[in-house]
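Please treat every number below as a calculation from the coordinates, not as lab data. Treat the numbers as computed from the prediction; the structure is a model and nothing was measured. Every residue, glycine among them, receives a Cβ derived from its backbone with ideal geometry; neighbour counts consider all protein chains shown.
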Amino acid sequence: MTTFAIVHGAGDVGWSWNLVADSLETKGHTVIAPDLPTEDEQKDLTAWASTVTDALPSTSDVVVVGHSFGGFVAPLVAAKINAKALIFVTAMLPKPGERPADWWENTGYTDSGLEDQFWHDVPPHLAEESQKRERGMSETAMAKPWPLDAMPDIPTHFILCTEDRFFTPEFMRPLVADRLGVEPVELTAGHCAQLSNPTGLATLLSNYAN
């Protein structure tokens with residue numbers, strides 16, 4: 001079966017994907033979701049990607065999933081191992097040479113102004129645990145240009161979360177069309193879909209594996 005390599009977002013940890021992992025594993029898949037070295041100023045995005053590839057039991061039949069800021073890292077993983085597919089989940093989509101710090105201005109991002117942009121639809125006990133596990137973000141990761149010349153030439157998909165208050169559908173739809181050139185699949189969930197709708201997200205991911 002397929003191995004899913006999960007790349008979590010900024011300030012997050014692999015733990016937040018445990019419910020999705022459980023659901024995928026019941027379908028016979030393997031899941032790895034390592035904690036990235038987000039606070040280590042000595043490590044750049046390439047080193048983050050190595051953290052993921054080093055955790056893989058095999059590089060055969062791997063689908064790489066990038067969430068939020070993980071969109072800057074997941075393509076690096078996919079390119080390094082020639083992955084079966086690449087899936088972005090309400091994720092940042094980089095351009096060659098673009099620094100993560102510049103992405104916001106380059107894409108015309110504006111804050112939605114809505115309250116509780118991350119956990120509004122997450123069960124309270126999971127939201128509380130997620131907030132306890134939050135981590136810092138290194139300046140090194142934000143400052144270095146994205147190193148690829150293009151997105152990996154493999155099947156690539158985007159899951160758009162319709163209740164996302166951080167990367168709103170109105171912002172993401174034209175961005176996905178412009179930078180990825182695919183039609184996103186929509187999931188009823190907020191930005192932390194892995195906690196608010198893990199079963200629905202796992203089902204979509206599993207479908208792509210097939």
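Over the Cα atoms of the range 3-209, the radius of gyration divided by the Kirkwood radius equals 0.92; this is the Rg/Rh ratio.
A Cβ-based charge dipole, computed about the Cα centre of the range 3-209 with Lys and Arg at +1 and Asp and Glu at -1, lands at about 520 debye.
When only Cα pairs below 8 angstrom with a gap of at least 6 residues are kept, the chain shows a relative contact order of 25 percent.
By the gyration tensor of its Cα atoms, with a ≥ b ≥ c the square roots of the eigenvalues, what is the shape of the range 150-210: rounded for a/c under 1.5, prolate for a/b over b/c, or oblate? Cα axes put the range 150-210 in the oblate bin.
With the dipole of the chain worked out from charges on the C-beta (+1 for Lys and Arg, -1 for Asp and Glu) around the Cα centre, which of Ala101, Val7, Pro155 lies farthest toward the positive end? The one lying farthest along the dipole's positive direction is Pro155. As a rough guide to protection, the peptides 77-88, 113-124, 199-210 ranked by mean Cβ packing within 10 Å, highest first, stand as 77-88, 199-210, 113-124. Beta bridges per DSSP, both residues in the range 3-209: antiparallel share near 0 percent. For Cys161, the residues whose amide H sits under 5 Å from its own are Thr90, Leu187, ignoring neighbours fewer than 5 places away on the same chain, with H placed 1.01 Å from N.
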